[in-house]
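Every read-out reported here was derived from the displayed coordinates using simple, explicitly stated rules and does not represent laboratory data. Treat the numbers as computed from the prediction; the structure is a model and nothing was measured. No Cβ is skipped: glycine too gets one built from the backbone with ideal geometry, and neighbour counts run over all protein chains shown.
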Amino acid sequence: MPLDATIARVTARIEARSEQMRSTYLDRMRRAADEGPRRAHLTCGNQAHAYAAMTGDKDTLAEGRAPNLGIVTAYNDMLSAHQPFETYPQVIRAAAREAGGTAQVAGGVPAMCDGVTQGQVGMELSLFSRDVIALATGVALSHNTFDAAVYLGVCDKIVPGLVIAAATFGYIPGLFIPAGPMTSGLPNDEKAKVRQQFATGEVGRDKLMEAEMASYHGPGTCTFYGTANSNQMLMEFMGLHMPGTSFINPGTPLREALTVEAAKHALSITNLGNAYRPVCDVLDAKAFVNGIVGLMATGGSTNLVLHLPAMARAAGVALELEDFDEISSVTPLMAKVYPNGLADVNHFHAAGGLQYMIGNLLDAGLLHDDVKTVAGDGLSLYTREPVLENGAISYRDGPRDTQNDKILRPARDPFQATGGLKQLYGNLGHGMIKVSAVAPERHVIEAPCRIFHDQESVKTAFKAGEFTSDTVVVVRFQGPSSNGMPELHGLTPTLAVLQDRGLKVALVTDGRMSGASGKVPAAIHVSPEAANGGPLARLRDGDVVRVDAIKGTIETLAEDFDSREPVQADLTGNGHGVGRELFEAFRQNVGLASNGAAVVV
């Protein structure tokens, strides 16, 4: 099947836009690679410090002929998704020895859980943690003792931060090793029902806690299709995982065998051998286009619209919101996974998962097959699925037919014709909206607005019974310069209740919504943000606001809007407490949300 014309055109536009930046990046990577194995440039004293504690591996390391693998880990046991990584280093070291190489933990990176910090002050550090993770990875790899790296990370900001760093060290190979999703617990629709019942006072906190604990109940990623699982999809579509590894549950023999296989493979693609495959060759414009196609086809997290531009720039690729919009316009929504449906990622994987989806999208001409991946040449390698035979990994052809068309459908007969992501332009700024879970009759909302400066004020107004008519809820001063751009996921149950009562409701914000946001239309990431004098700062209560996901517009109909002075909020309270003092430099130097809200790239 020939490549879709729109996919080809968008890719060519990205390549042309990125030509100078990409050329400069690749030139730096080639010159670094030409210097040869990094350890060759260390003195004996440098190396002695690096190998001092490596009992049993010192001689191999000192000889310098065998590849040395750097492990960058985001392990902590407060994140269910990252708890399995506790034992990965010992598994990887053993696998490396068996393959004739060595492996060392290069360093750890922080990994915060947005599920823990939702609605809490700590969420104001969440987005910036991506940049901290990239910086921490840079410190870990700066010791120059590694011929390849493996990255142990799963969740929201962790994978993007690790990718930014992997691209920065793009002259060495890098491979991402996942931990997999937890087994299925309380169905997501039942959990959501209890949340709404709690929001309206129908049930108490004891029932809410019972439902939450039954949903989030064991090691692995949360099973809904939020940012963490969207990240895992992305790593497979972009060729940074070994094929078929994203959604294998933790604690299973297949999961451990895949970790062993990944470690051995990473050692096989270093500059010391004949199959050198540096990250800079994997992360090109085609890989990022493939990632965006995967995001649209699966109905993935809106957070990746922030992360992908930042990740791409680290590899010399310039992405714009128009690229997401156009790719979405030709990419069919093939999956229905909560919050877009009732299934979870385990059900999605059982129905055929990413192997089915990648094969089907390749057949439809919507993906680039002519890409380099960590597994070899061609994305078609990722239509295979791993199986465990006699204790070793082998691959077989993945499913060609969906096993459940209520969860996964072919591109020719999708759930909807487009990916459901639209960029929004208008006199209120530049933002985006995800409508894959929004009913068609709610794709256009026009109503008077109510202005709030934090999500708690919205909840207070709701409890006071102040929402009695159609309303566009505007929550401003939530951008990266204001307070780190926290997710406003805590508004989802409240707004959903209003919508279920028959009101037309929409959210407009310069902040973020979670990867788990769903059926309420939300114009998010609006920039320039209010704190920088953006248009949202000129809105007043009662102004009629129109959010049109069909035309791609976001505007107010107020006649004197352009002549108003922007409101200035008191943001002094955002600068201290729970570590916020440490991030003042980030808030002062962060870029526009439309460009990825990046600090370090």
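Across 5 Å bins from 0, what is the distribution of all Cα-Cα pair distances for segment 58-189, in whole percents?
Calculated P(r), rounded to whole percents: 2, 11, 19, 21, 18, 13, 8, 5, 3, 1, 0, 0.
Under a no-solvent Debye model with one identical scatterer per Cα of the chain, what's log10 I(q)/I(0) at q = 0.08, 0.09, 0.11 Å⁻¹?
After summing over all Cα pairs, the log10 values are -0.53, -0.67, -1.01.
Between segment 296-371 and segment 38-92, what is the separation of their alpha carbon centroids in Å?
Using only Cα atoms, the two centres lie 34 Å from each other.
Taking each full run of DSSP H in the chain as one helix, which ones are at least 24 Å long along their axis (Cα atoms) and have mean Kyte-Doolittle hydropathy of at least -1.0? Show your work: numbers first, answer last.
Details: long enough: 5-34 (38 Å, -0.75).
The answer, listed by residue number, is 5-34.
For segment 421-595, give me the percentage of DSSP beta bridges that are antiparallel, rounded to the nearest 5 percent.
Antiparallel bridges: around 60 percent, rounded to the nearest 5.
Could you please report the charge total around GLN196, scoring K, R as +1 and D, E as -1 over all other residues with beta-carbon less than 15 angstrom from its beta-carbon?
Values: positive: LYS191, LYS193, ARG195, ARG205, LYS207, LYS459, LYS463, ARG501, LYS519; negative: ASP189, GLU190, GLU202, GLU212, ASP500.
Result for the neighbourhood of GLN196: +4.
Any idea what the relative contact order of the chain is, in percent, if you count C-alpha pairs under 8 Å spaced at least 6 apart? Before the final figure, lay out the partial values.
Working: 1339 pairs, mean separation 89.2, N = 601.
15 percent.
Quick check: Cα centre of segment 567-601 to Cα centre of segment 129-173, how many Å?
The two parts, judged by their Cα centres, are 23 Å apart.
Would you mind estimating how fast segment 176-216 diffuses translationally, via Stokes-Einstein at 25 °C and 0.890 mPa s with the Kirkwood radius over Cα pairs, in µm²/s? Don't skip to the end; give the middle numbers.
Working: Rh = 11.2 Å.
So the translational diffusion coefficient is about 219 µm²/s.
Please grab the % of Cα pairs in segment 490-568 that end up more than 21 Å from each other.
Here the long-distance tail beyond 21 Å is 34 percent of all Cα pairs in segment 490-568.
Enumerate the residues in segment 486-503 having an amide nitrogen under 16 Å from the point lying 7 Å beyond the Cα of LYS463 toward its Cβ.
490-495
Counting residues in segment 30-102 as N, plug N into 2.2 N^0.38 Å and put the Cα Rg over that result. Numbers along the way, then the final one.
Numbers: Rg = 14.8 Å, N = 73, 2.2 N^0.38 = 11.2 Å.
That works out to 1.32 for segment 30-102.
Please list, short to long, the whole-number percent of alpha-carbon pairs of segment 1-44 in consecutive 5 angstrom bins beginning at zero.
The percentages, shortest bin first, are 5, 18, 13, 14, 12, 11, 10, 8, 5, 3, 2, 0.
Determine ³J(HN,Hα), in whole Hz, for all residues of segment 393-407 in sequence, where each value follows from phi through the Karplus function 6.51 cos²θ - 1.76 cosθ + 1.60 and θ = phi - 60°; x replaces Gly and Pro.
After applying 6.51 cos²θ - 1.76 cosθ + 1.60, I find 7, 9, 10, 10, 4, x, x, 9, 10, 5, 8, 7, 7, 7, 10 Hz.
Taking every DSSP beta bridge with both residues inside the chain, roughly what % is antiparallel (nearest 5)? Can you show the working numbers first?
Details: 28 of 57 bridges.
Antiparallel: roughly 50 percent of the beta bridges in the chain.
Please find the FRET efficiency linking ASP401 to GLU202, where r is the Cβ-Cβ separation and R0 is fixed at 35 Å, and quote it to the nearest 0.05.
Working: r = 43 Å, r/R0 = 1.22.
The computed FRET efficiency comes out at 0.25.
Evaluate the Debye formula for segment 524-598 with equal point scatterers sitting on the alpha carbons, no solvent, and hand back log10 of I(q)/I(0) at q = 0.11, 0.22 Å⁻¹, in q order, two decimals.
-0.39, -1.11
Please compute, over every Cα-Cα pair in segment 157-295, the percentage with a separation greater than 26 angstrom. Working shown, then result.
Values: 3674 of 9591 pairs.
Beyond 26 Å sits 38 percent of the P(r) for segment 157-295.
What is the dipole size for the chain, taken about its Cα centre, with +1 at each Lys and Arg Cβ and -1 at each Asp and Glu Cβ, in debye to the nearest 20?
On the way: 51 positive and 65 negative charges, 89 e Å.
The calculation lands at about 420 debye.
Determine Rg/Rh for segment 421-595; Rg is computed over alpha-carbon atoms and Rh is the Kirkwood hydrodynamic estimate from the same atoms.
Details: Rg = 15.3 Å, Rh = 16.1 Å.
Checking Rg against Rh, the ratio lands at 0.95.
Given the options CYS155, ALA530, VAL337, identify the residue whose Cα lies farthest towards the positive end of the charge dipole of the chain (+1 on Cβ of Lys, Arg; -1 on Cβ of Asp, Glu).
Value: CYS155.
From the residues ASN427, LEU491, GLY575, which one has its Cα farthest along the dipole of segment 421-595 in the positive direction, the dipole being from +1 and -1 charges on Cβ of Lys/Arg and Asp/Glu about the Cα centre?
Toward the positive end, the furthest listed residue is LEU491.
Determine the calculated [θ] at 222 nm for the chain from helices alone, applying -39500 (n - 2.57) to every DSSP H run no shorter than 4 residues and normalising by the residue count; nearest 500 deg cm²/dmol. Write out the running numbers ahead of the final one.
Values: 21 runs with 221 residues, N = 601.
Taking each H run of at least 4 residues, the total per residue is -11000 deg cm²/dmol.
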